[in-house]
Each structure stands twice: as C-alpha cells, then as structure tokens.
Amino acid sequence: MRSSNRFAVAASALLVYTIAVVLWGALVRASLSGDGCGDHWPLCNGVAFPVEPSTKTLVELTHRVTSGLCWIWTAVMWFAAIRLFPSGHATRSAAGWSLFFMTTEALVGAGLVLFRMVADNPSTARAAWMAAHLINTFLLLAALTWMLVSARHRAGVRFPSGTWPRRAFGGAAVVVLFVGVSGAVAALGDTLFPASSLVDGFREDFSTTSHLFLRLRLWHPVIAVLGSGYLIWLAAALLRRDPGASVRNLGLTLGSLVVLQIVLGLLNVALLAPVWMQLLHLLIADATWIVLVLLALSSPPPGSGATLVAS
Ligand code: HEM
C-alpha cells in the first residue's frame, strides 16, 4: 500500500475514533460526571491515578485519557503529513487545522472543568461554554474529514471557492452549527431539569418562571425543522444539476439523514430524552455534518459539468 493510502486509512480511523470520543463526552454531560475529577486538570482530584475511583470519576477519566490519545494521534498525523505531502499540498493544511481544532477542543474541555461549567451547574455562562464546545467539535470533525478526503487524491482537495458553493455550503454550515448549538442548550436543559412526563415538560417549556434553558429548549425543534428545510433544498439543488455518482449518493444521504434526524428528534421528545437516545441523536448530527463537508469537497461549481475525480 502506498504511504499516502496508509495515511488516508489512518485519517479515516482517527475520524471514527474522534466521533466515539465526542459521544463519550456527551455521556459525561448526560451522567453529570463532569466534576468526576473535581476542578483539577490535567490531574484528576489532584493525582495522576486516582485510587478507588467512583463511577463518575471513571467516566470523566476515561474521557480525558481517550481524548488525550486523540490529540497525540492528530499530532502524529500532522508530522506524517509534513513528511509525506509536498509543501502547499492541501493535506498539510487539513492536518494543521485538525491539530489546531484538536488543541482548542482540549482547551475548551479544560476550561469547562477549571471554571466548574460541569455536573449540575445551571449558570447561563455554561450554555455559552457548551455552544463553544459544540462549534469547536464540528469544526474539528470538518478538518479531520478534509484531511482524509484530501489524502486520497494525489493533487489534494480544497473547499470550493466559487460564489455559489461558498454561499450554498457556507449557509448550510451556519445552519447546522446554529441547529447544533440550540440542540446543545436543549440537551443541557434535559440533563439539569429532566421532565417527569411529556405534559410536565411542555408546561415547563412555556412557563415564564422556568429556568432559561427550559424556555430555550422549545426553540431547538423549531430551528431544526427550518434548518432541515434548507439542507433538503440544498440536496435537491445538487441532485437537479445532474451530478456524478458520488455527489448524487452524498446528496441522497444528506436528505435521508436530515429526515431520520427529525424522526429521532420527535422520538427524543416523546421518550423524555433518555441517554441512549441523546447519544444516537448526536451521532446522526455528526454524520449529517460530515456528509455536508464531503459534499462541499466533491461539488464542482455549477455549470462546470465536472465532478471531483481521483488523480
Ligand atoms: C437536522 C436536524 C437536527 C439536528 C442537526 C440536531 C442536532 C442536535 C444536537 C447537536 C443536539 C445536542 C446533542 C448533545 O449535545 O448531546 C440536539 C439535542 C436535542 N435535539 Fe436535536 N437536532 C435536529 C433535529 C431535532 C428535532 C426535529 C427535534 C425535536 C422535534 C430535536 C430534539 C432534540 C432534543 C430533545 C435534544 C436534547 C436531548 C439530546 O441531547 O438529545 N432535534 N440536537
């Protein structure tokens, strides 16, 4: 196997591993385990290896160890990209951005612990931290996806620079980030103030005396349905342009994931957001975002009649 192919395989594995670490991070939040190591970072409760750790210490510690490995793996990929790809090659830039967002992800994670924006802290500032965390995670997933796609093409791949793709995909990125941030606030509301029944949940959403997170929770489905409309329009617009097989498949996948996510979102509300459903909903949000990035990387400018081909 050529070394650039081996690099692409390692980049794909890193993306899958990172998604698993992200899901574990959601489990830390959903199980109120963010203070499992106290307000210590990088040490856990002041020591490197806690003796007789509680369940929440184990949940938090596992997240720290697995995300630390994620950073090391990304740094190794960056060194490998510098060695394997010539100066100016897109894969080098993608690897650099991956390492940048992996580092900022670790810093946001450390900030959450050091400023105690974890466990049952209901402060408004926590919502801003969660929003920053979600946006950084999505940018990190985009950079990792770019790295693996670019490594598969001898000449590398960059995001399209034409006016139409910039507007269409830039708009879609803003939409998904906005939907995601509103979802992160909804998730915080569900974690801190779990509803005892659907009727109670709705009553809390509409009550003027409820906590801000509960009053904001209601907006996520509204924003998500409007945003989904834009994503489905984008997928349909790409399909109408008579694209090659890869863009057609990705466009259909994007549309299907969006519809699936709405169904899962409705189920999430109906089932009062159990942890397994929160993780599934987040997994499909990550998948939707990655497919959008793949589409942006494989879409030719309108009217060019070409699709991206491996060289
Ligand atoms: C394209 C559509 C959607 C996207 C991309 C999306 C994305 C997200 C994200 C990223 C979260 C935060 C997950 C976490 O941090 O653990 C979330 C939470 C949530 N979403 Fe959505 N969502 C979508 C549609 C919907 C719809 C239509 C509904 C309801 C009708 C819904 C209901 C919820 C609920 C109840 C939560 C909080 C519980 C949880 O974390 O799962 N979502 N969403």
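The values are calculated or read from the model by the stated rules, or taken from the named source; none is laboratory data. Model, not experiment: these values are computed from the prediction. Every residue, glycine among them, receives a Cβ derived from its backbone with ideal geometry; neighbour counts consider all protein chains shown. All accessible areas refer to the heavy atoms of the entire protein, side chains included, with ligands and DNA or RNA removed. Shrake-Rupley method; radii C 1.70, N 1.55, O 1.52, S 1.80 Å.
Only one of Arg154, Arg116, Arg126 is in a helix (DSSP H, G or I) and among the charged types (D, E, K, R). Can you tell me which? Answer to the selection: Arg126. Looking across region 143-167, the residues that are of a type in the set (S, T, N, Q) and either loosely packed, with under 15 Cβ neighbours inside 10 Å or farther than 21 Å from Ile19 by Cα (or both) come down to Ser161, Thr163.
Please count how many residues of region 206-251 are polar (S, T, N, Q) and more than 19 Å from Thr124 (Cβ to Cβ). Even if it seems obvious, please write down each step before you answer.
If we filter region 206-251 for residues that are polar (S, T, N, Q), which is where we start, we get 207-210, 228, 246, 249.
Right, trim to more than 19 Å from Thr124 (Cβ to Cβ) and you get 228, 246, 249.
Residues in region 206-251 being polar (S, T, N, Q) and more than 19 Å from Thr124 (Cβ to Cβ): 3 in total.
Against the conditions (1) within 12 Å of the ligand (Cβ to nearest atom); (2) open to solvent by 60 Å² or more (accessible area, probe 1.4 Å), Arg248 satisfies every one except (1). If you go through region 49-97 and keep only what is among the β-branched types (Val, Ile, Thr) and modelled with pLDDT of 95 or more, you end up with Thr55, Thr57, Val59, Thr62, Val65, Thr66, Ile72, Thr74, Val76, Ile82, Thr91.
Which residue, of Leu134, Leu177, Leu112, Leu144, is closer than 19 Å to Ala287 by Cα and touching a residue at least 60 places away in the same chain (Cβ under 8 Å)? Before you say what the answer is, go through the steps one by one.
Working: Leu134 fails: touching a residue at least 60 places away in the same chain (Cβ under 8 Å); Leu177 fails: touching a residue at least 60 places away in the same chain (Cβ under 8 Å); Leu112 fails: closer than 19 Å to Ala287 by Cα.
It is Leu144.
Closer than 28 Å to Gly180 by Cα, within 16 Å of the ligand (Cβ to nearest atom), open to solvent by less than 20 Å² (accessible area, probe 1.4 Å) and in contact with a Phe, Trp or Tyr (Cβ under 9 Å, 6 or more places away or on another chain) - does that describe any residue in region 11-24?
Taking every residue of region 11-24 in turn, at least one turns out to be closer than 28 Å to Gly180 by Cα, within 16 Å of the ligand (Cβ to nearest atom), open to solvent by less than 20 Å² (accessible area, probe 1.4 Å) and in contact with a Phe, Trp or Tyr (Cβ under 9 Å, 6 or more places away or on another chain).
Within region 260-302, the set of residues being in contact with a helix residue (DSSP H, G or I) (Cβ under 7 Å, 6 or more places away or on another chain) and without any contact (Cβ under 8 Å) to a residue 12 or more places away in the chain comprises Leu267, Leu271.
Residue-wise test of (1) farther than 16 Å from Ala128 by Cα; (2) at pLDDT 95 or above.
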{"position": "Pro160", "(1), (2)": "yes, no"}
{"position": "Arg166", "(1), (2)": "yes, no"}
{"position": "Gly171", "(1), (2)": "yes, yes"}
{"position": "Val175", "(1), (2)": "yes, yes"}
{"position": "Ala186", "(1), (2)": "no, yes"}
{"position": "Leu192", "(1), (2)": "no, yes"}
{"position": "Ala195", "(1), (2)": "yes, no"}
{"position": "Asp205", "(1), (2)": "yes, no"}
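What about Gly255, is it of a type in the set (Gly, Ala, Ser), in a helix (DSSP H, G or I), more than 9 Å from the ligand (Cβ to nearest atom) and not assigned by TED's automatic domain parsing to the domain that holds Trp97? Yes, satisfied.
Consider region 211-225 and keep the residues that are at pLDDT below 95 and assigned to a helix (DSSP H, G or I). The one that is nearest to the ligand (Cβ to nearest atom) is Arg217. In summary, Val185 fulfils each of the numbered conditions (1) farther than 22 Å from Ser31 by Cα; (2) open to solvent by less than 60 Å² (accessible area, probe 1.4 Å) with the single exception of condition (1).
Applying the set (1) within 16 Å of the ligand (Cβ to nearest atom); (2) in contact with a Lys or Arg (Cβ under 9 Å, 6 or more places away or on another chain); (3) open to solvent by 30 Å² or more (accessible area, probe 1.4 Å) to Pro122 leaves exactly one unmet item: (2). Across region 265-283, the number of residues qualifying as within 7 Å of the ligand (Cβ to nearest atom), surrounded by 14 or more Cβ atoms within 10 Å (Cβ to Cβ) and more than 15 Å from the chain's Cα centre (by Cα) comes to 5.
Which of the residues spanning region 284-294 are more than 6 Å from the ligand (Cβ to nearest atom) and either not charged (D, E, K, R) or not assigned by TED's automatic domain parsing to the domain that holds Phe193 (or both)? Ile284, Ala287, Trp289, Ile290, Val291, Leu292, Val293, Leu294, listed by residue number.
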